[in-house]
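Encoded as structure tokens, the structure appears first; notes follow it.
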Amino acid sequence: MVRYRAAWVVPIVSPPIAGGVVSVDRDLIAAVGAYDAGPVEDLGRVGILHGLVNAHTHLELSWMRGRVPPCASMPAWAASLMAVRRGVTPDPPEPIADAIREARASGTCLLGEVTNTLATYGPLMDSELSAVLFRELIGFSAPDPEALVAAVSGQIADLTPIAWLRPSPAPHAPYSVSASLLRAIARASAGKPLSIHLGESAQEVQFLRDGTGEWRGLLEALGVWNPGWEVPACGPVEYLDRLGLITRDLIAVHGVHFTDADLSRLAEAGATLVTCPRSNRWTGAGRPPIDRFYASGVRIGIGTDSLASVDDLNLFGELAEVRRLAPGVPAARILESATLVGARALGFAGELGSIEPGKRAQLLAVRLPADVRDVEEYLLGGIEPGDIRWLDEP
Ligand SMILES: [Zn+2]
């Protein structure tokens, strides 16, 4: 048993504790609270925080860092990404391992990782990170959705099972996956977290409303437009609701263009909305209404998205952007988004996401300046890897 004492302990499930103590027994948290008596390892002027949860990444795109310039239109940005990716198969592995190290060094312990190839499974096995691996399916005119899903389930069954890596099928987005494939994926992943890009661009809303616009143009240019596709003539959340996807297992990523009605429906279902504001700016998706997200009552998680649309995988950088865009949201709620809410959405809340007895001791010591009064607010100011140490590492 080790007892760590720090200037601040931030349990997430209760207010920060000045001069608090966290007891760790092997890999598990044994106790947390105020200092009473007895021997401690005094860490000095640091804050002890649970490792962060990056609820949306695409590690296999890490080699595209800086290669797909920012754009004013999200479909045009996606076309540019596809053009860059087309010339390089498979996605080079070294940048995946580098990105995992970078995420770990900046304080992340759990990922909601979207993968087209499962190429990230091996590198994650060799890392300290836990993850849900969403094996992403794309298919707007797929003739046999059930066969596609069965093939992916077969790939997943062939993986070496690892308790802290949980693969499952997931759809890319409503403009790239047909209704029948969306239903087939939902059936195959029932009871597990299900991630989808949703309400990301204004063009997506237009496409679902009347079947026109830049996404339609891109599908046609790619030769995958499906003339049998029925225009849903509604918003993205209502469309998924009709298909049975709006449940507590849903992780709707982005939601930049959600209406209040979209947000209420997600809140009512207990679904989670994951915001990635730095990526939204880069891809031209727009500015996420983060104040409105929090006011709606929906669970909010936070992600960086891939290195194709963000400078780094430091989730503390994303928190600083959330704070910049939403100065009125309480710091405690933003920190909860980056830890417990993400862990819950990914099905890991029983073991990760907060400093509570019985949970895994994935604990960070973040260096603090001398005069920190509001440690939660300080943690939203942009923490760099040099100020972070994992407590299980020397
Ligand atoms: Zn994404």
All positions within the range 165-219 that are assigned to a loop (DSSP other than H, G, I, E, B), over 18 Å from Leu118 (Cα atoms) and not acidic (Asp, Glu): Ala173, Pro174, Tyr175, Ser176, Ser178, Ala190, Gly191, Gly199, Ser201, Gly211, Thr212, Gly213
Evaluate the range 189-198: report whether one residue or more is open to solvent by 30 Å² or more (accessible area, probe 1.4 Å) and out of contact with any strand residue (DSSP E or B) (no Cβ under 6 Å at 6 or more places or on another chain). yes
Find the residue count for the range 31-58, including only residues that are over 28 Å from the mean Cα position of the chain (by Cα) and either open to solvent by less than 20 Å² (accessible area, probe 1.4 Å) or more than 14 Å from Ala365 (Cβ to Cβ) (or both). 8
Flag for Asp144 being under 30 Å from Leu363 (Cβ atoms) and open to solvent by 20 Å² or more (accessible area, probe 1.4 Å): no
Filtered residues of the range 244-280 (kept if out of contact with any helix residue (DSSP H, G or I) (no Cβ under 8 Å at 6 or more places or on another chain) and within 14 Å of the ligand (Cβ to nearest atom)): Val253, Ser279, Asn280
Exception for Val152 within (1) in a helix (DSSP H, G or I); (2) open to solvent by 10 Å² or more (accessible area, probe 1.4 Å) falls at (2)
Out of Arg67, Arg85, which single residue is in a helix (DSSP H, G or I), basic (Lys, Arg) and either open to solvent by 10 Å² or more (accessible area, probe 1.4 Å) or farther than 28 Å from Val224 by Cβ (or both)? Arg85
From the options Leu124, Leu110, residue that is away from the ligand (no atom under 16 Å from the Cβ), part of a strand (DSSP E or B) and under 26 Å from Ile383 (Cα atoms): Leu110
Of everything in the range 289-304 that's under 15 Å from the mean Cα position of the chain (by Cα) and open to solvent by less than 20 Å² (accessible area, probe 1.4 Å), which residue is nearest to the ligand (Cβ to nearest atom)? Gly303
Just the residues that are among the hydrophobic types (A, V, I, L, M, F, W, C), free of Cβ contacts under 8 Å to residues at least 40 places away in the same chain and open to solvent by less than 10 Å² (accessible area, probe 1.4 Å), please, taken from the range 10-30. Val21
Scan the range 31-47 for residues that are within 20 Å of Val372 (Cβ to Cβ), touching a Lys or Arg at 6+ places or on another chain (Cβ under 9 Å) and touching a residue at least 40 places away in the same chain (Cβ under 8 Å) and jot them down. Leu43, Arg45, Val46, Gly47
Step by step: first the residues of the range 242-288, then only those that are touching a Cys at 6+ places or on another chain (Cβ under 9 Å) and part of a helix (DSSP H, G or I), then the one that is least open to solvent (accessible area, probe 1.4 Å). Which residue is that? Thr283
Within the range 321-348, the residues that are open to solvent by 30 Å² or more (accessible area, probe 1.4 Å) and either of a type in the set (A, V, I, L, M) or touching a His at 6+ places or on another chain (Cβ under 8 Å) (or both) are Ala332
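The values are calculated or read from the model by the stated rules, or taken from the named source; none is laboratory data. What you see is a predicted model; the values in this text were computed from it and never measured. When we count neighbours, we look across all protein chains shown, and the Cβ atoms used for this are built from the backbone with ideal geometry, even at glycine. Protein only, heavy atoms only, side chains kept; ligands, DNA and RNA dropped before computing areas. Shrake-Rupley method; radii C 1.70, N 1.55, O 1.52, S 1.80 Å.
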